[in-house]
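The structure under discussion appears below in the form of C-alpha coordinates.
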(Lines give C-alpha, C1' and ligand atoms only; values in the text may rest on other atoms or scores of the structure.)
Protein backbone atom coordinates (compact mmCIF):
# COMPACT_ATOMS: atom_id res chain seq x y z
CA UNK A 1 0.00 0.00 0.00
CA UNK A 2 1.43 3.35 -1.04
CA UNK A 3 -0.01 6.45 0.61
CA UNK A 4 0.89 10.08 0.04
CA UNK A 5 -0.08 13.48 1.39
CA UNK A 6 0.01 16.83 -0.41
CA UNK A 7 -1.14 20.30 0.61
CA UNK A 8 -2.11 21.58 -2.82
CA UNK A 9 -2.94 25.20 -1.88
CA UNK A 10 -5.89 25.22 -4.36
CA UNK A 11 -6.85 22.01 -6.07
CA UNK A 12 -8.03 23.69 -9.25
CA UNK A 13 -4.75 25.55 -9.72
CA UNK A 14 -2.74 22.41 -8.98
CA UNK A 15 -4.91 19.86 -10.80
CA UNK A 16 -2.43 19.18 -13.67
CA UNK A 17 0.37 18.56 -11.14
CA UNK A 18 -1.79 16.21 -9.09
CA UNK A 19 -2.91 14.21 -12.13
CA UNK A 20 0.68 13.96 -13.35
CA UNK A 21 1.85 12.69 -9.96
CA UNK A 22 -0.94 10.14 -9.80
CA UNK A 23 -0.10 8.85 -13.27
CA UNK A 24 3.62 8.60 -12.56
CA UNK A 25 3.45 7.09 -9.06
CA UNK A 26 0.11 5.26 -8.90
CA UNK A 27 -0.41 5.56 -5.11
CA UNK A 28 -3.21 3.61 -3.49
CA UNK A 29 -4.16 6.69 -1.47
CA UNK A 30 -3.48 10.41 -1.91
CA UNK A 31 -4.59 12.75 0.88
CA UNK A 32 -4.99 16.40 -0.12
CA UNK A 33 -5.32 19.53 2.00
CA UNK A 34 -6.21 23.17 1.32
CA UNK A 35 -8.34 22.26 -1.67
CA UNK A 36 -10.04 25.68 -1.38
CA UNK A 37 -13.11 24.72 -3.38
CA UNK A 38 -16.81 24.20 -2.77
CA UNK A 39 -18.00 20.61 -3.06
CA UNK A 40 -20.01 21.34 -6.21
CA UNK A 41 -16.83 22.62 -7.90
CA UNK A 42 -14.52 19.80 -6.81
CA UNK A 43 -12.92 18.09 -9.89
CA UNK A 44 -14.15 14.60 -8.98
CA UNK A 45 -14.66 13.60 -12.63
CA UNK A 46 -11.02 14.29 -13.49
CA UNK A 47 -9.94 11.96 -10.72
CA UNK A 48 -12.50 9.34 -11.71
CA UNK A 49 -11.04 9.31 -15.22
CA UNK A 50 -7.59 8.90 -13.66
CA UNK A 51 -8.82 5.81 -11.82
CA UNK A 52 -9.52 7.25 -8.37
CA UNK A 53 -12.50 7.55 -6.06
CA UNK A 54 -12.69 10.91 -4.27
CA UNK A 55 -14.08 11.71 -0.83
CA UNK A 56 -14.00 15.43 -0.07
CA UNK A 57 -15.40 18.36 1.81
CA UNK A 58 -14.47 21.98 1.24
CA UNK A 59 -15.33 25.64 1.13
CA UNK A 60 -14.61 28.54 -1.20
CA UNK A 61 -11.13 30.02 -0.89
CA UNK A 62 -10.04 28.33 2.36
CA UNK A 63 -9.30 24.97 3.96
CA UNK A 64 -10.75 21.79 2.42
CA UNK A 65 -9.63 18.14 2.51
CA UNK A 66 -9.94 15.30 0.03
CA UNK A 67 -8.83 11.68 0.00
CA UNK A 68 -8.32 9.87 -3.31
CA UNK A 69 -8.33 6.06 -3.31
CA UNK A 70 -7.86 3.51 -6.06
CA UNK A 71 -10.35 1.19 -4.36
CA UNK A 72 -13.75 2.28 -3.07
CA UNK A 73 -13.78 3.16 0.62
CA UNK A 74 -15.59 0.92 3.08
CA UNK A 75 -16.89 4.09 4.70
CA UNK A 76 -16.16 7.81 4.96
CA UNK A 77 -16.61 10.00 8.04
CA UNK A 78 -16.55 13.80 7.70
CA UNK A 79 -15.59 16.04 10.59
CA UNK A 80 -14.72 15.65 14.25
CA UNK A 81 -18.28 14.89 15.34
CA UNK A 82 -21.88 14.97 14.21
CA UNK A 83 -23.70 18.27 13.95
CA UNK A 84 -22.60 21.91 13.57
CA UNK A 85 -19.01 23.11 13.93
CA UNK A 86 -17.66 19.65 13.21
CA UNK A 87 -14.67 20.94 11.20
CA UNK A 88 -15.60 18.74 8.24
CA UNK A 89 -13.50 20.94 5.95
CA UNK A 90 -10.39 20.10 8.04
CA UNK A 91 -10.68 16.37 8.71
CA UNK A 92 -11.94 13.30 6.89
CA UNK A 93 -11.66 9.65 7.86
CA UNK A 94 -11.58 7.13 5.02
CA UNK A 95 -11.65 3.43 5.83
CA UNK A 96 -10.10 0.96 3.38
CA UNK A 97 -10.13 -2.84 3.46
CA UNK A 98 -6.78 -4.65 3.64
CA UNK A 99 -5.38 -8.11 4.23
CA UNK A 100 -5.04 -7.12 7.92
CA UNK A 101 -8.58 -5.76 8.22
CA UNK A 102 -9.98 -2.28 7.84
CA UNK A 103 -7.51 0.63 7.86
CA UNK A 104 -8.87 4.01 9.00
CA UNK A 105 -7.00 6.90 7.39
CA UNK A 106 -7.34 10.25 9.15
CA UNK A 107 -6.58 13.04 6.67
CA UNK A 108 -6.32 16.36 8.51
CA UNK A 109 -5.45 19.97 7.88
CA UNK A 110 -4.51 21.37 11.29
CA UNK A 111 -5.10 25.12 11.84
CA UNK A 112 -1.99 27.19 11.23
CA UNK A 113 -2.43 29.58 14.15
CA UNK A 114 -1.41 33.01 12.79
CA UNK A 115 0.48 34.37 15.86
CA UNK A 116 1.20 32.74 19.21
CA UNK A 117 -0.53 35.67 20.96
CA UNK A 118 -3.71 35.29 18.90
CA UNK A 119 -7.02 33.53 19.44
CA UNK A 120 -6.26 31.51 16.31
CA UNK A 121 -3.23 29.99 18.01
CA UNK A 122 -5.27 29.11 21.10
CA UNK A 123 -7.76 27.49 18.73
CA UNK A 124 -4.95 25.46 17.16
CA UNK A 125 -3.86 24.08 20.54
CA UNK A 126 -7.45 23.24 21.41
CA UNK A 127 -7.91 21.61 18.00
CA UNK A 128 -5.14 19.15 18.79
CA UNK A 129 -6.93 18.28 22.04
CA UNK A 130 -10.16 17.74 20.14
CA UNK A 131 -8.32 15.58 17.62
CA UNK A 132 -6.83 13.45 20.40
CA UNK A 133 -10.35 12.87 21.76
CA UNK A 134 -11.61 12.04 18.26
CA UNK A 135 -8.84 9.48 17.74
CA UNK A 136 -9.42 7.89 21.14
CA UNK A 137 -13.09 7.44 20.24
CA UNK A 138 -12.60 6.16 16.69
CA UNK A 139 -9.31 4.23 16.53
CA UNK A 140 -7.46 1.43 18.30
CA UNK A 141 -3.66 1.73 18.75
CA UNK A 142 -3.40 -2.04 18.52
CA UNK A 143 -4.87 -2.10 15.01
CA UNK A 144 -3.66 -0.61 11.70
CA UNK A 145 -4.49 3.10 11.34
CA UNK A 146 -2.94 6.19 9.76
CA UNK A 147 -2.94 9.90 10.62
CA UNK A 148 -1.67 12.02 7.74
CA UNK A 149 -1.79 15.52 6.38
CA UNK A 150 -0.57 19.05 6.82
CA UNK A 151 -0.26 19.02 10.60
CA UNK A 152 1.32 22.50 10.77
CA UNK A 153 3.98 21.45 13.29
CA UNK A 154 7.70 20.89 12.83
CA UNK A 155 8.18 18.43 15.70
CA UNK A 156 11.94 18.78 16.32
CA UNK A 157 14.75 21.26 15.57
CA UNK A 158 15.90 19.06 12.69
CA UNK A 159 12.52 19.70 11.03
CA UNK A 160 12.95 23.46 10.48
CA UNK A 161 15.66 25.74 9.14
CA UNK A 162 17.38 27.95 11.73
CA UNK A 163 15.34 26.48 14.60
CA UNK A 164 16.83 28.89 17.13
CA UNK A 165 15.05 31.71 15.28
CA UNK A 166 11.70 29.89 15.02
CA UNK A 167 10.86 29.38 18.69
CA UNK A 168 7.98 31.88 18.58
CA UNK A 169 6.57 30.67 15.29
CA UNK A 170 3.15 29.02 15.46
CA UNK A 171 4.46 25.87 13.73
CA UNK A 172 7.45 25.43 16.06
CA UNK A 173 6.43 27.04 19.34
CA UNK A 174 6.78 24.61 22.23
CA UNK A 175 3.04 24.56 22.99
CA UNK A 176 2.17 23.52 19.43
CA UNK A 177 4.90 20.90 19.42
CA UNK A 178 3.72 19.48 22.73
CA UNK A 179 0.08 19.47 21.60
CA UNK A 180 1.06 17.55 18.46
CA UNK A 181 3.18 15.12 20.48
CA UNK A 182 0.29 14.50 22.85
CA UNK A 183 -1.79 13.26 19.92
CA UNK A 184 1.13 11.24 18.57
CA UNK A 185 1.74 9.64 21.98
CA UNK A 186 -1.66 7.94 21.76
CA UNK A 187 0.07 5.34 19.59
CA UNK A 188 1.45 6.83 16.37
CA UNK A 189 4.89 6.52 14.79
CA UNK A 190 6.28 9.13 12.39
CA UNK A 191 7.33 6.69 9.68
CA UNK A 192 9.64 9.11 7.85
CA UNK A 193 11.60 9.95 10.99
CA UNK A 194 11.67 6.29 12.06
CA UNK A 195 13.41 5.39 8.80
CA UNK A 196 15.53 8.56 8.52
CA UNK A 197 16.39 9.60 12.09
CA UNK A 198 19.08 12.15 11.14
CA UNK A 199 18.01 13.35 7.70
CA UNK A 200 17.17 17.01 7.17
CA UNK A 201 14.20 17.01 4.83
CA UNK A 202 11.47 19.60 4.48
CA UNK A 203 7.99 19.49 2.91
CA UNK A 204 7.14 23.22 2.84
CA UNK A 205 8.99 26.31 1.63
CA UNK A 206 7.27 29.68 1.32
CA UNK A 207 7.20 31.62 -1.94
CA UNK A 208 9.41 34.47 -0.74
CA UNK A 209 13.17 35.16 -0.60
CA UNK A 210 13.95 32.13 -2.78
CA UNK A 211 13.13 29.89 0.19
CA UNK A 212 13.02 26.74 -1.91
CA UNK A 213 16.31 27.49 -3.66
CA UNK A 214 17.94 28.17 -0.30
CA UNK A 215 16.23 25.18 1.31
CA UNK A 216 14.72 27.36 4.03
CA UNK A 217 11.93 24.96 4.80
CA UNK A 218 9.81 23.11 7.29
CA UNK A 219 8.77 19.47 7.67
CA UNK A 220 5.13 19.96 8.61
CA UNK A 221 3.45 17.36 6.37
CA UNK A 222 3.46 13.96 8.04
CA UNK A 223 2.46 10.31 7.73
CA UNK A 224 1.98 8.60 11.08
CA UNK A 225 1.01 4.98 11.65
CA UNK A 226 -0.01 2.81 14.57
CA UNK A 227 2.48 0.11 15.61
CA UNK A 228 0.97 -2.78 13.59
CA UNK A 229 1.26 -0.69 10.43
CA UNK A 230 4.49 1.16 11.25
CA UNK A 231 6.41 -2.12 11.42
CA UNK A 232 5.27 -2.82 7.84
CA UNK A 233 6.59 0.48 6.48
CA UNK A 234 9.30 -0.36 3.93
CA UNK A 235 10.06 3.17 2.70
CA UNK A 236 9.08 6.79 3.27
CA UNK A 237 10.29 9.89 1.49
CA UNK A 238 9.54 13.35 0.14
CA UNK A 239 9.22 14.03 -3.60
CA UNK A 240 10.64 17.43 -4.51
CA UNK A 241 9.44 17.37 -8.12
CA UNK A 242 5.98 18.90 -7.44
CA UNK A 243 7.65 21.83 -5.63
CA UNK A 244 10.11 22.30 -8.49
CA UNK A 245 7.34 22.37 -11.10
CA UNK A 246 5.87 25.46 -12.69
CA UNK A 247 2.86 26.83 -10.78
CA UNK A 248 3.79 24.74 -7.74
CA UNK A 249 2.17 24.66 -4.34
CA UNK A 250 4.37 25.89 -1.50
CA UNK A 251 4.24 22.30 -0.14
CA UNK A 252 5.31 19.08 -1.80
CA UNK A 253 4.36 15.40 -1.60
CA UNK A 254 5.35 13.14 1.29
CA UNK A 255 4.75 9.42 0.78
CA UNK A 256 5.21 6.02 2.41
CA UNK A 257 5.01 2.38 1.33
CA UNK A 258 3.66 -0.38 3.55
CA UNK A 259 4.01 -4.11 2.97
CA UNK A 260 0.27 -4.63 3.22
CA UNK A 261 -1.98 -5.18 0.20
CA UNK A 262 -5.39 -3.59 0.01
CA UNK A 263 -8.33 -5.87 -0.82
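The values are calculated or read from the model by the stated rules, or taken from the named source; none is laboratory data. Only a predicted model underlies this, so the values are computations on that prediction, with no experimental measurement involved. Don't worry about glycine lacking a Cβ; one is built from the backbone with ideal geometry, like all the others, and counts go over all protein chains shown.
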Inset, instruction - Go through the residues of segment 62-77 one by one and say whether even a single one is under 21 Å from residue 253 (Cα atoms) and surrounded by fewer than 18 Cβ atoms within 10 Å (Cβ to Cβ). - result: yes
Inset, instruction - Read through the list (1) within 20 Å of residue 34 (Cβ to Cβ); (2) more than 17 Å from the chain's Cα centre (by Cα); (3) part of a helix (DSSP H, G or I), then give the number of the only condition that residue 128 fails. - result: (2)
Inset, instruction - Within segment 120-130, track down each residue that is without any contact (Cβ under 8 Å) to a residue 12 or more places away in the chain and either closer than 20 Å to residue 222 by Cα or crowded, with 17+ Cβ neighbours inside 10 Å (or both). - result: 126
Legend entry - Residues within segment 68-119 that are under 17 Å from residue 222 (Cα atoms) and without any contact (Cβ under 8 Å) to a residue 40 or more places away in the chain, tallied: 2
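Listed here are the residues, each with its yes/no results for (1) touching a helix residue (DSSP H, G or I) at 6+ places or on another chain (Cβ under 9 Å); (2) within 20 Å of residue 177 (Cβ to Cβ); (3) modelled with pLDDT under 95.
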| position | (1), (2), (3) |
| --- | --- |
| 56 | yes, no, no |
| 65 | no, no, no |
| 78 | no, no, no |
| 82 | no, no, yes |
| 90 | yes, yes, no |
| 94 | no, no, no |
| 114 | yes, yes, no |
| 123 | no, yes, no |
| 126 | yes, yes, no |
Inset, instruction - Name every residue in segment 99-110 that is surrounded by fewer than 21 Cβ atoms within 10 Å (Cβ to Cβ) and at pLDDT 95 or above, in order of residue number. - result: 102
Inset, instruction - Hey, can you tell me all the residues within segment 251-263 that are in contact with a helix residue (DSSP H, G or I) (Cβ under 8 Å, 6 or more places away or on another chain) and either part of a loop (DSSP other than H, G, I, E, B) or farther than 17 Å from residue 6 by Cβ (or both)? - result: 252, 258, 260
Inset, instruction - Could you figure out which of (1) surrounded by 21 or more Cβ atoms within 10 Å (Cβ to Cβ); (2) in contact (Cβ under 8 Å) with a residue 40 or more places away in the chain; (3) touching a helix residue (DSSP H, G or I) at 6+ places or on another chain (Cβ under 8 Å); (4) within 13 Å of residue 253 (Cα to Cα) isn't true of residue 18? - result: (2)
Inset, instruction - Among what's in segment 132-154 and is buried (at least 21 other Cβ atoms within 10 Å of the Cβ) and part of a loop (DSSP other than H, G, I, E, B), pick the residue that is nearest to the chain's Cα centre (by Cα). - result: 151
Legend entry - Residues of segment 202-238 classified as in contact with a helix residue (DSSP H, G or I) (Cβ under 8 Å, 6 or more places away or on another chain), farther than 16 Å from residue 9 by Cβ and surrounded by 17 or more Cβ atoms within 10 Å (Cβ to Cβ), total: 9
Inset, instruction - Report yes if some residue within segment 197-211 is under 16 Å from the mean Cα position of the chain (by Cα), in contact (Cβ under 8 Å) with a residue 60 or more places away in the chain and more than 15 Å from residue 3 (Cβ to Cβ); otherwise report no. - result: yes
Inset, instruction - Would you confirm whether any residue within segment 164-174 is over 23 Å from residue 6 (Cβ atoms), surrounded by 14 or more Cβ atoms within 10 Å (Cβ to Cβ), free of Cβ contacts under 8 Å to residues at least 60 places away in the same chain and in contact with a helix residue (DSSP H, G or I) (Cβ under 6 Å, 6 or more places away or on another chain)? - result: no
